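Asker: Structure incoming, see below.
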């Protein structure tokens, strides 16, 4: 990715904020592999001495793991959001300009993808795919069926009932956000 000609946060604006050519070049290099701007804009990546002496950051700010350099430089959430999508991508096919909406379902995943994705496989789709495979497998299928955060106890009961009716030998349900830490999260 690059911030050259990006909306919201661009190279010229960063220069006006105090970034020199050396820092800009280093940022651009980091952005080639970043999936979010916040990982390139850290005091450690920019250089703590530079942040302290040129950009005027305080020690307590730089030691805060949640410190957001771009916000402190005065960029709004919207400016950061549009620059993030421009530079790092949306991480979803939803909204792709040449993809017809009727073709989107073939790309659906277990969870919504990326920053702006809202589509995902339904619980029924998970279970029906498992049921299509189950007759060809002697044991149970090891599959966790993902449920959205808003799922109720009745939704869980309905999923277990459908799994039983479809002849599945085993399922595991996981409701988003039900554990303090989880392997996959839709937000940073």
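Asker: Return the residue satisfying two criteria in turn: it lies in the range 95-116 and is at pLDDT 90 or above and assigned to a loop (DSSP other than H, G, I, E, B), and of such residues it is nearest to residue 35 (Cα to Cα).
Answerer: 108
Asker: Looking at 112, 148, which one is under 30 Å from residue 31 (Cα atoms) and outside the structural domain of residue 50 (by TED's automatic domain parsing)?
Answerer: Among 112, 148, only 112 is under 30 Å from residue 31 (Cα atoms) and outside the structural domain of residue 50 (by TED's automatic domain parsing).
Asker: Go through the range 72-94 and give me each residue that's in a loop (DSSP other than H, G, I, E, B), out of contact with any helix residue (DSSP H, G or I) (no Cβ under 9 Å at 6 or more places or on another chain) and farther than 19 Å from residue 35 by Cβ.
Answerer: Result: 74, 76.
Asker: Can you pull out every residue in the range 117-174 that is closer than 30 Å to residue 80 by Cβ and assigned to a strand (DSSP E or B)?
Answerer: The answer is 146, and nothing else.
Asker: Please go through (1) modelled with pLDDT under 90; (2) under 19 Å from residue 75 (Cβ atoms); (3) surrounded by fewer than 19 Cβ atoms within 10 Å (Cβ to Cβ) for residue 59 and return the number of the only condition it doesn't satisfy.
Answerer: Failed condition: (2).
Asker: List the pairs whose first member sits in the range 115-139 and is over 22 Å from residue 90 (Cα atoms), whose second member is in a helix (DSSP H, G or I) and at pLDDT 90 or above, and whose Cβ atoms are under 6 Å apart, counting only residues at least 6 apart or on separate chains?
Answerer: From the range 115-139, the pairs are 123/159; 127/162; 127/163.
Asker: So, in the range 39-56, exactly how many residues are under 19 Å from residue 82 (Cβ atoms) and surrounded by 17 or more Cβ atoms within 10 Å (Cβ to Cβ)?
Answerer: 2
Asker: Now for a separate question. Going by the conditions given, is residue 136 modelled with pLDDT of 90 or more and exposed (fewer than 14 other Cβ atoms within 10 Å of the Cβ)?
Answerer: Considered against the rule, which asks whether it is modelled with pLDDT of 90 or more and exposed (fewer than 14 other Cβ atoms within 10 Å of the Cβ), residue 136 comes out as yes.
The values are calculated or read from the model by the stated rules, or taken from the named source; none is laboratory data. Predicted model only: the values in this text are computed from it and were never measured. A quick note on method: Cβ atoms are made from the backbone with ideal geometry, for glycine too, and the neighbour counts reach across all protein chains shown.
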